[in-house]
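Heads up, the thing below is written out as structure tokens.
The values are calculated or read from the model by the stated rules, or taken from the named source; none is laboratory data. All figures in this text were calculated on a predicted structure; none of them were measured in a lab. We place every Cβ from the backbone using ideal geometry, glycine too, and count neighbours over all the protein chains shown. These area figures cover heavy atoms from the full protein model, side chains too; ligands, DNA and RNA do not enter into them. Shrake-Rupley method; radii C 1.70, N 1.55, O 1.52, S 1.80 Å.
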Amino acid sequence: MVTGPAERALSPGVPFATSSFEVTWPEVPLPPVAPDGPGAWLLLTDEHPAALGRAVALALALAAAGDDALSLPRDDLDELPGFLAERPVRGVVFLTGSPYAYHDPEAAQELLLSVLSVVARLGFGVRFHLVTQAAGEPGLVFLRGLVRVLAVERPRLRASVVDFDARSDVDVLVRELRSDAPDDEVRWRHDVRYAARLARVPFAVEVAAGPGAYVVTGGLGPATARWLADTGATRVVLCGPYAGASDAVVIPGDIAEPGVAELLVAAATADGLPLRGIVHTAGVLTDDPSAGWRHGVLGARRLHEATADTPPDWWLLGTSATALAGAPGETSRATADAWLEAFAAWRRARGLPATIVQLGPTRLPDLPRPYFSAL
């Protein structure tokens, strides 16, 4: 997360900010667990085959540990409050399916709605666990944004997301659940446990401007276009309702609509001009929380597809900071930002450029959570 003026943060050739944060993943072993009597767990799934298979394996492993595993079909979700009133449980566990099922942003949004429908029916005294096997897929990693919001909005729910790789045994999930550890973002890799910690880090990245073509989207577009022009850009193509912008070629339209991203790239690279950089900040400077998903997430996917044959030298994605620190009532924005953060990592893992700049407030929430313990 970058703190400071948004305009300066996206100024090419200028350090983005003086204060910055990022999520780190130190190894954090499970705390010792005192012997406890048998308990019960409610297992829910998104009803994808992979999730149903994991739920069966988890139920057997819980039974081997002396606990009971209960289930409730999705069609009976309205009965969840009464179900929990009659059957006290240690926690509610929501297991997701294959990461490939959520590759499209629309599918990820449907998953979010399914999870929110469960959360809305949970009362006090029940801990909520999300269990994923994301493999870096943004369509599942984005759920960390929901956990960050719930930490602020519903702290007594103690929501967590636990992600496993394919080599981690289901028994470690049983240990994770039964430990009731306070960490709310956990990754198991090769049966080693890591937990998220927000940390201050030095941040002085610069983007290389100069001759070449650039594509710019979002509310910071006009200012970014001026900076790029001032630093020698040959052509800047700006998406949006910015008629009369003297420093850019303006392509009106919605970046989330099919074909618009292709128009931007074609206009930028006309006459064989190389595409040097992309600045995508759509959905950041807006009061519409849904804009993060439509303009930010879907727009990024459109640009990714449009540049498959002409990848830029660098790509800067701007988001808000809600996916890092959380904010009440900001579920849509936080989850969209978390998707973009994961998308940047997903691109880098494939040798494609992507850098995230998360613009946010200088004050962080005062929460007694391990996630903030490194600050």
Worksheet, complete the sentence: Among (1) touching a Lys or Arg at 6+ places or on another chain (Cβ under 9 Å); (2) crowded, with 18+ Cβ neighbours inside 10 Å; (3) more than 23 Å from Glu341 (Cα to Cα); (4) among the small types (Gly, Ala, Ser), Gly210 falls short only on (2)
Discussion item. Scan the range 215-222 and tell me whether some residue there is open to solvent by 10 Å² or more (accessible area, probe 1.4 Å), under 24 Å from the mean Cα position of the chain (by Cα) and over 30 Å from Leu263 (Cα atoms).
Written reply: no
Worksheet item: Given the conditions (1) surrounded by fewer than 20 Cβ atoms within 10 Å (Cβ to Cβ); (2) out of contact with any helix residue (DSSP H, G or I) (no Cβ under 8 Å at 6 or more places or on another chain); (3) touching a residue at least 40 places away in the same chain (Cβ under 8 Å); (4) in a helix (DSSP H, G or I), and given that Leu228 satisfies all but one, which numbered condition is not satisfied?
Response: (1)
Discussion item. Is it the case, given these coordinates, that Pro15 is in a loop (DSSP other than H, G, I, E, B), open to solvent by 70 Å² or more (accessible area, probe 1.4 Å) and either at pLDDT 90 or above or not charged (D, E, K, R) (or both)?
Written reply: no
Discussion item. Going residue by residue through the range 183-199, is there one that turns out to be under 23 Å from Thr281 (Cβ atoms) and at pLDDT below 95?
Written reply: yes
Worksheet item: Which members of the range 79-96 meet the condition of being more than 25 Å from Ala181 (Cβ to Cβ) and either of a type in the set (Asp, Glu) or under 26 Å from the mean Cα position of the chain (by Cα) (or both)?
Response: Glu79, Glu86
Discussion item. What are the pairs with Cβ atoms under 6 angstrom where one residue, in the range 233-254, is touching a residue at least 12 places away in the same chain (Cβ under 8 Å) and the other, located anywhere, is hydroxyl-bearing (Ser, Thr, Tyr) and not in a loop (DSSP other than H, G, I, E, B)? Sequence gap at least six, or different chains.
Written reply: Ala233/Tyr214; Val236/Tyr214; Cys239/Thr217
Worksheet item: How about the range 297-332: which of its residues are free of Cβ contacts under 8 Å to residues at least 60 places away in the same chain and assigned to a helix (DSSP H, G or I)?
Response: Ala300, Arg302, His304, Glu305, Ala306, Ser332
Discussion item. Take the residues in the range 47-75 that are within 25 Å of Asp191 (Cβ to Cβ) and in a loop (DSSP other than H, G, I, E, B); name whichever of them is most open to solvent (accessible area, probe 1.4 Å).
Written reply: His48
Item to complete: State whether the residues of the range 183-196 include one that is open to solvent by less than 60 Å² (accessible area, probe 1.4 Å), out of contact with any His (no Cβ under 6 Å at 6 or more places or on another chain), under 22 Å from Val56 (Cβ atoms) and without any contact (Cβ under 8 Å) to a residue 24 or more places away in the chain.
Response: no
Worksheet item: Pick from the range 286-333 the residues that are out of contact with any strand residue (DSSP E or B) (no Cβ under 8 Å at 6 or more places or on another chain) and of a type in the set (Gly, Ala, Ser): which of them is modelled with the highest pLDDT?
Response: Ala306
